1. Which aspartates and glutamates does Lys10 reach when only Cα atoms under 18 Å apart count, and residues fewer than 8 places away in its own chain are ignored?
2. What nm distance separates the two modelled labels at Thr104 and Glu147, each placed 7 Å from Cα along Cα→Cβ?
3. Quick one: in the chain, what % of C-alpha pairs are over 39 Å apart?
4. Please give me the summed charge of the neighbours of Ser224: other residues whose Cβ is under 14 Å from its Cβ, Lys and Arg +1, Asp and Glu -1.
5. Tilt of helix 286-309 relative to the longest C-alpha principal axis of the chain, in degrees (0 to 90, nearest 10)?
6. Within the chain, what percent of beta bridges assigned by DSSP are antiparallel, to the nearest 5?
7. If you line up the long axis of helix 164-189 against the longest principal axis of the chain, both from Cα atoms, how many degrees apart are they, to the nearest 10?
8. Using a probe radius of 1.4 Å on heavy atoms only, what accessible surface per residue do you get for the stretch 24-168? Whole Å² is fine.
Amino acid sequence: MKLWGGRFTKEENQLVHNFNESLSFDQKFYEQDIRGSLAHAAMLARQGIISEADGAAMEAGLKGILEDLRSGALTFSSEYEDIHSFVEAALTERIGEAGKRLHTGRSRNDQVALDMKLYCRDEIDQLDGLFLALLQELLKRMEENLETYMPGFTHLQKAQPVTLAHHLGAYFEMFYRDKQRLADIRRRMNLCPLGAGALAGTTYPLDRDYTAKQLGFDGPTLNSMDSVSDRDYVLELLGALSIAAMHLSRFCEEIILWNSNEYRFVELDDAYSTGSSIMPQKKNPDIAELVRGKTGRVYGALVSLLTVMKGIPLAYNKDMQEDKELTFDAIDTMKGCLALFTGMLSAISFNREAMEESAKKGFTNATDAADYLVSRGVPFRDAHGIVGRLVLRCIEKNQALDDLSLEEFKEASPVFEADIYEAISLKSCVEKRVTIGAPGPEAMKQVIEICRERLEKQPQ
Ligand code: ARG
């Protein structure tokens, strides 16, 4: 069944139909399509463009279709080109003539622009909840690990001691920005394209403010050509999801490293790991690897749509139908990744001893030893050299700085006194880092407080 049979003389070739159709994927937003039609029908009746009776019949018919699609009593039939044709045909079948008036003052161009917006907005709200759950889990783990010492790395070399709370706090910041980005996009996109028609508005006295309000928008879009050809919000969403996927991937990479025999910083729950079919000893971090791997799909969607959009003249062109499958896939992928990652994180156990041991072994307190000398009048550059030589000596003897005798310290510089041991203990190295943003537990407590307030101040 075609919406546009009138002008055509030849039957559509099956291959052309298969290539052109979108029902196989745009059926995913049937709820949004019907919601849009309900608002449009109510507005048409309210404006006297159709009769009250037709408006009421449309409302009842559309609600029935919605219910039957939800329950499975009505199924999609592949003879239709897209979700818009399918719903209109189902309506006409149910309510007769009145169904044929639904599309008055509307084009599939503004209709699909609306559906995609409604769909993305609904999905943003769901994604927001998933980010919130992840942030809450992170916050909990941060609170539990204010004094879990571990090495902080640069260049994947042990650098300075931090705490697990601090390390996790870095991811809190990333995911919080991701959540904010979604909120920004939602705010910016929240204008209703319905009423833009094919590209140039319509000659009917539509009340665009009314439909916008009915559908939860802040108002109508202001240029009908832009309304039907704007997919910026989809690109922004894919961009935000790509950044979030990159964050998840980095975290997964660390978990994979930390789960390795060499690190042993974490133990993954059996539920989030798998065995090997040949090597009995293996417990593989498959979920973390998959989340890391799925980043490619999300980036792919962004690059695909950027490419689709780059040469499109105003206004609507069929190329834009390509926005759907890749956006749906990127959103579904990220929803899965976020849910699985949060589950994995909530079931992970951190090996505090291994982390602390590792921090002790890697000369992560060397800067603090130099700072000790500086606080007793030695210029920093000299202090750097003195401690560097001590590190070299320790490497030769396979020791930590803390294992050197006071004589050895004094040999390197007479400024060292017995309090050097206290000054370079992991605990004091971390506790002395008191400025906001640093790993010292007092600073971290303040940050955790702020983070909690951020999550309470929903939506952000
Ligand atoms: N399936 C189309 C899409 O996704 C709907 C809009 C069709 N409009 C048109 N003039 N052919 O973009």
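1. Candidates past the 8-residue exclusion: Glu21, Glu79, Glu81.
2. 7.5 nm
3. Numbers: 44900 of 105570 pairs.
Roughly 43 percent, once rounded to a whole number.
4. Working: positive: Arg106, Arg208; negative: Asp110, Asp226, Asp230.
Overall, the nearby charge balance is -1.
5. Taking Cα atoms only, the helix is inclined about 50 degrees.
6. Working: 9 of 10 bridges.
That works out to approximately 90 percent antiparallel.
7. Helix 164-189 sits at roughly 20 degrees to that axis.
8. Numbers: 5460 Å² over 145 residues.
Heavy-atom accessible area per residue stands at 38 Å².
The values are calculated or read from the model by the stated rules, or taken from the named source; none is laboratory data. Since the structure is predicted, the reported quantities are computational estimates derived from the model, not experimental observations. Backbone-built Cβ (ideal geometry, glycine too); neighbour counts: all protein chains shown. Quick note on the areas: whole protein, heavy atoms, side chains included, nothing else; ligands and nucleic acids left out. Shrake-Rupley method; radii C 1.70, N 1.55, O 1.52, S 1.80 Å.
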